[in-house]
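For reference, the structure is listed below as structure tokens.
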Amino acid sequence: MDERVNVLAPAFRANPYPHYAEMRRARPVCQVEPGGMWAVSRYEDVLFVLKNPELFSSQGFKFAWQPPWVEYNPLANSLLAMDPPAHGRLRALVSQAFGPRAVARLESRTQARANEMARGLPTEVELIGAFALPLPAFVIGDMLGLDHVLHEHFKRWGDDLLSVTPEPPSPEHAARVRNSIAELTGYMREVLVARRSEPRDDLVSDLLRAKADGQSLTDTEIVDFLVTLLLGGFETTTHLIGNAIVHLADSPGEMARLGERPELIPKFVEEMIRYDGPSQAVPRIATVDVTLGGVTIPRGSLVLALVASASRDESRYPEPDRFDIDRGTQGGLQFGHGIHFCLGAALARMETRAALGALCARFGRVERAAAEVEYNRTLTVRGPVRLPVRFELALRASG
């Protein structure tokens with residue numbers, strides 16, 4: 001029976017993990033909706049896809065994010081969508097401006113901002129809009145040296161650019177997406193002009209100065225990267241914070257434990273990344289007919305390497321559906337592998353540690369304020385878009 005699962009259906013998005021388990025058991029390489037994409041769900045097969053760019057091209061991002069109706073999407077033309085050797089040149093240049101120094105110079109400010117925001121939260125709140133989105137938006141905006149008044153636009157731009165599907169839901173939706181792309185890329189080009197005139201101690205200025213083998217980045221390469229960094233910089237962390245709070249709400253006593261023992265937070269974040277991380281799928285294009293798991297994927301097919309499923313693979317992780325803070329997995333495949341390992345992994349980890357540290361210091365308990373959590377609908381990342389919660393103050397915070 002070939003009953004294809006729809007990976008964007010609301011019921012699937014709410015809890016994809018039982019579906020992934022069934023896929024790993026019965027159909028580890030199979031076609032899914034929308035559009036008959038090929039999904040790869042077992043750890044070893046996902047790793048094989050990620051390790052072999054000559055068989056599975058990163059142009060899959062272009063296929064997924066730039067269908068004809070979009071016309072141009074900077075995400076589809078960025079580092080994410082490149083194969084060697086172009087990928088290596090651009091990554092080498094970008095890495096100069098996105099290493100430990102860039103993260104280190106933000107850490108103390110990030111923690112201070114998280115503490116300030118947590119202190120201002122009421123005990124009943126919609127957490128995504130009040131905390132999980134504004135914190136990483138502040139950080140990535142600070143890193144790029146962007147005007148803070150633009151932060152209110154980040155979510156709209158991100159939602160629109162990441163809502164691309166093979167066919168738009170409506171002409172109005174298509175027009176909105178194209179307009180957001182034009183707004184965002186136009187603004188980034190204005191930033192480049194300003195930084196050339198007056199360089200600052202920020203990532204945009206670093207990228208303008210970066211050289212490898214005597215080559216600089218072109219303006220288009222910088223804009224494509226900045227858009228990808230901006231959206232990846234807050235979307236990924238927002239979803240990771242949101243997923244972590246959902247887990248804490250469903251795990252009585254765990255928030256108080258982290259508040260009393262904040263040294264456990266880094267280990268908690270690593271297991272959270274594996275257990276319910278933001279990345280769901282990495283899109284690739286099969287460059288030849290490839291047989292995987294006994295199934296032949298035709299050349300030219302869009303392949304979804306389901307990293308979230310790989311992170312729950314029974315053959316890799318004992319009792320994978322159990323959250324184990326002492327598991328020591330370093331996040332599994334959530335941040336990719338090899339040449340495409342996520343440049344922003346250190347930043348996302350630092351922001352999430354800061355966010356949870358601030359929340360667990362002030363609050364001793366969290367619970368859902370609504371029965372159902374509303375999740376986003378994109379192929380690549382997953383997390384709550386609305387998360388109403390109720391907090392109880394920690395005794396040390398209220399005393």
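The values are calculated or read from the model by the stated rules, or taken from the named source; none is laboratory data. Just so you know, these numbers come straight off a predicted model, no measurement behind them. For neighbour counting, all protein chains shown are included, and Cβ atoms are generated from backbone atoms with ideal geometry for every residue, glycine included. SASA here: full protein model, heavy atoms, side chains in, ligands and nucleic acids out. Shrake-Rupley method; radii C 1.70, N 1.55, O 1.52, S 1.80 Å.
Where a ≥ b ≥ c are the square roots of the eigenvalues of the C-alpha gyration tensor, would you call the range 193-328 rounded, which needs a/c under 1.5, or, failing that, prolate if a/b is larger than b/c, or oblate?
Values: a/c = 2.96, a/b = 1.23, b/c = 2.40.
The shape class here is oblate.
Taking a ≥ b ≥ c as the square roots of the eigenvalues of the Cα gyration tensor of the range 281-321, is the shape rounded (a/c under 1.5), prolate (a/b larger than b/c) or oblate?
The shape class here is oblate.
Write out the GluC sites (Glu not before Pro) in the range 353-399 meeting two conditions: DSSP loop, and at most 11 other Cβ atoms within 10 Å of their Cβ. Before the final figure, lay out each step's value.
Numbers: sites: Glu367, Glu372, Glu374, Glu392; in loops: Glu372.
Filter output for the range 353-399: Glu372.
Quick check on the range 138-231: what does the Kirkwood estimate of hydrodynamic radius come out to from the alpha carbon pairs, in Å?
Numbers: mean 1/r = 0.0697 Å⁻¹.
After inverting the pairwise mean of 1/r, the radius is 14.3 Å.
For the chain, what are Rg and Dmax over the alpha carbons, in angstrom?
20.7, 65
Once a ≥ b ≥ c are taken as the square roots of the eigenvalues of the Cα gyration tensor of the range 344-399, is the result rounded (a/c under 1.5), prolate (a/b larger than b/c) or oblate (a/b not larger than b/c)?
oblate
Using +1 on the beta carbon of Lys and Arg, -1 on that of Asp and Glu, and nothing else charged, what's the dipole of the range 142-209 about the Cα centre, debye to 20?
Around 220 debye, computed over the range 142-209.
So for Tyr275, Tyr17, what's the accessible-area order with a 1.4 Å probe, most first?
Tyr275, Tyr17
Tell me which residues come under 5 Å, amide H to amide H, from Gly364 once H is placed; ignore anything under 5 positions away on its chain.
Here the answer is Glu392, Leu393, Ala394, since their amide H atoms fall under 5 Å of that of Gly364.
Based on DSSP loop calls and a cut-off of at most 13 other Cβ atoms within 10 Å, the longest stretch of the chain free of exposed trypsin sites (Lys or Arg not before Pro) is what?
1-199
Could you tell me which residue out of Ile241, Val288, Val303 lies farthest along the dipole of the range 231-310 toward its positive end? Charges go on the beta carbon: Lys and Arg +1, Asp and Glu -1, centred on the Cα centre.
Comparing the listed Cα positions along the dipole, Val288 ranks first.
Pick out, in residue order, every one of the GluC sites (Glu not before Pro) in the range 1-47 that is DSSP loop and has at most 14 other C-beta atoms within 10 Å; say none if there are none.
Passing both the DSSP loop test and the Cβ count: Glu3.
Taking the full set of protein chains and a 1.4 angstrom probe, give the accessible area of Asp202 in square angstrom, rounded to the nearest 10.
0
Nearest 0.05, what FRET efficiency do Glu126 and Ala194 give at R0 = 25 Å with Cβ-Cβ as r?
0.15
Kindly report the accessible area of the range 174-282 per residue (heavy atoms of protein chains, probe 1.4 Å, no ligands, DNA or RNA), in Å².
37
Give me the one-decimal nm value for the distance between modelled label points at Ser163 and Arg176, 7 Å along each residue's Cα-to-Cβ direction.
0.3
Between Ala369 and Glu152, what FRET efficiency follows from the Cβ-Cβ distance if R0 is 22 Å, with the result rounded to 0.05?
Efficiency computed from Cβ-Cβ geometry: 0.40.
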